[in-house]
Amino acid sequence: MSAVPTPVRTPASDAATSAEPTGDSHGLDRQGRFRMHAAIPLSTVGFYMLLVALLLYADSRNPTGGFPFVVTFLIAVIMVFLARFLTTEYLLDAEFLRARRLFGSRRVRLEEVRKIEYGNLRELGGVSFFGGWGWRGRLWSPVVGSFDSISTVSRGLLVSEGRVPVFISPKDVDGFARELSRRARSYHQELEVDVGAK
């Protein structure tokens, strides 16, 4: 009787096939990808809408008709940034962590992840107001140096790979850290820092 050959497994295939329901299975799709939206504070959404209301009010109170094109342009800019804010999400597949939003994203190879640690933008001391609004959200911190921030709130995860870490703020920080750790550890026995393995 001939022996049945054993299929060869790779880290990528392990990560894909091991996407069985866990405590965080609510985020899995049919392809085994884990998706989670960023935390969306209503206060920030309210602030954007307040800016729009103030512009409309100021324009309506101007007896000379004001500058309708300027007001329209400013409202359009505010709405684009609100859309970027609301579309921020994170996706884990067999090979990548993808931090995405309208007009800007970052892709991190799971096999290159070395640290998954809790972070806070206030503690990192990110410098550059316009960096957070930019295409990639490149900031500089006296603690970690340059990093990308694709986030919506101050508390989140700092994921280190290569030279430039990325800061993300998933809705369920602990749950996302566990799933990211599980997939990253399919390539390594352990990471230098790994809050998701606890």
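The values are calculated or read from the model by the stated rules, or taken from the named source; none is laboratory data. Quick caveat: nothing in here was measured; it's all calculated off a predicted structure. Cβ atoms come from the backbone with ideal geometry, glycine included; neighbour counts cover every protein chain shown. Just the protein is used for accessible areas: all its heavy atoms, side chains included, with ligands, DNA and RNA removed. Shrake-Rupley method; radii C 1.70, N 1.55, O 1.52, S 1.80 Å.
Key figures
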| quantity | calculated |
| --- | --- |
| Calculated from backbone phi, Karplus (6.51, -1.76, 1.60) coupling profile of the stretch 93-109 in Hz, x at Gly/Pro | 10, 5, 10, 10, 9, 10, 9, 10, 7, 4, 6, x, 7, 9, 10, 10, 6 |
| Surface accessible to a 1.4 Å probe, per residue, for the residues of the stretch 72-198, Å² | 49 |
| Accessible carbon and sulfur surface of the stretch 85-194 relative to its total accessible area, %, 1.4 Å | 49 |
| Exposure ranking of 112, 89 by accessible area [1.4 Å probe, largest first] | 112, 89 |
| Solvent exposure ordering (accessible area, 1.4 Å, most first) of 151, 181 | 151, 181 |
| Cβ-derived FRET efficiency at R0 45 Å, residue 60 paired with residue 154, nearest 0.05 | 0.80 |
| Directionally averaged shadow of the stretch 139-186, computed from the convex hull of its alpha-carbon atoms, nm² | 3.7 |
| Residue 90 accessible area, assembled protein chains, probe 1.4 Å, Å² | 0 |
| Residue 44 - accessible surface, heavy atoms, 1.4 Å probe, Å² rounded to 10 | 40 |
